[in-house]
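Enquirer: Here it is, the structure, as structure tokens.
Just so you know, all these numbers are worked out from the coordinates, no wet-lab data involved. Predicted model, so just to flag it, every value in this text is computed and none were measured. Cβ atoms come from the backbone with ideal geometry, glycine included; neighbour counts cover every protein chain shown.
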Amino acid sequence: MKKIRKAVIPVAGLGTRFLPATKAQPKEMLPLVDKPVIQYVVEEAIHQGIENVVLITGRGKQAIENHFDVAYELEETLSRRGKTQDLKLVQGITHMGQFSYVRQGEPLGLGHAVLCARHAVGDEPFALLLGDDVFDEKDPALGALIAAYEATGKSVVGVQEVPEAHVSRYGIVNPRPAGGGTWWDVDRIVEKPSPDKAPSRWAVVGRYVVLPEVFDHLAKLEPGVGGEYQLTDALMKMAAEGRLVAAPIPALRYDTGDKLDYLRANVEFALKREDLGGPFLAYLKALAASRD
């Protein structure tokens, strides 16, 4: 069985949920405290042994490439001023892994974005991480999927239970069998069903491990609503072949594309910081008391 060495991260989206902040900067570069969202996603992949990160970019996304590239002038200035800790921090971003970039010329959906990575990935399984979902580092997210792939040899979708009122926002898989288990076979995925038609409350939440056969399915897809090619359609074909499993993700998830969840993530990530947590908590308590 081939090791998961590569990760694909689509970052070509327009970020319309965060306008006007994303009018001139990529949504993936919005900060969580003092690191951009995309860096958390890349670090998650690297911590799971990923060697090469393939970013699917589009127009106006140069800031992402610059963030992971060498910043000669900045590094030279930090070195000259003796700011060794800041220099080490900046250089560590560049050296955390090997980065390659593929341009998605048109916004034709997630399936099309993944298909753009075909030649960069080659004939091997890969991790797929969506940049809007950031997970708490205390528990495994991508790691749970890699474990399921290594045990089954199949493609894996990461899932979490969501409230019934939220199932219409996600692709929903068939229920978890009685008796639990750390993964189960997927025989169907229903994309954004109404609550009364959802097969379960287990939602696909932005982490995948995918066999290279997915590219053949994506290449044969017909465009759907809005002319977009849906990854879910290709995954459903893999499910029909008996080659797809679902793995629950135990880590707490933050949807950074949602304004309220983004704010919550900033608060909770700041509270976990040794240098910020204490003073910030004191501020929040004082603020809450002043509002009573």
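Enquirer: Which of the three applies to segment 116-233, rounded, prolate or oblate, going by the alpha-carbon gyration tensor with a ≥ b ≥ c and a/c under 1.5 meaning rounded?
Expert: Cα axes put segment 116-233 in the oblate bin.
Enquirer: Report, in deg cm²/dmol and to the nearest 500, the calculated mean residue ellipticity at 222 nm for the chain, where each DSSP H run with n ≥ 4 adds -39500 (n - 2.57) and the sum is divided by the residue count.
Expert: Calculated mean residue ellipticity at 222 nm is -10000 deg cm²/dmol.
Enquirer: If you don't mind, another one. Could you sort the peptides 211-222, 233-244 by per-residue average Cβ neighbour count (10 Å cutoff), highest mean leading?
Expert: 233-244, 211-222
Enquirer: Something else about it: Identify which of the listed values of Rg/Rh (Cα atoms, Kirkwood Rh) was calculated from the structure shown: [x] 0.98; [y] 1.03; [z] 0.93.
Expert: [x]
Enquirer: Relative contact order (percent) for the chain, with alpha-carbon contacts under 8 angstrom and 6 or more residues of separation?
Expert: Computed over the chain, the figure is 22 percent.
Enquirer: Let me ask you something else. Ranked by Cβ crowding within 10 angstrom, fewest neighbours first, how are His166, His112 ordered?
Expert: Least to most surrounded, the residues fall as His166, His112.
Enquirer: I would also like to ask the following. Kindly count the pairs of lysines across segment 2-84 whose alpha carbons are less than 26 Å apart, treating pairs on different chains or eight or more residues apart as eligible.
Expert: So the count of such lysine pairs works out to 9.
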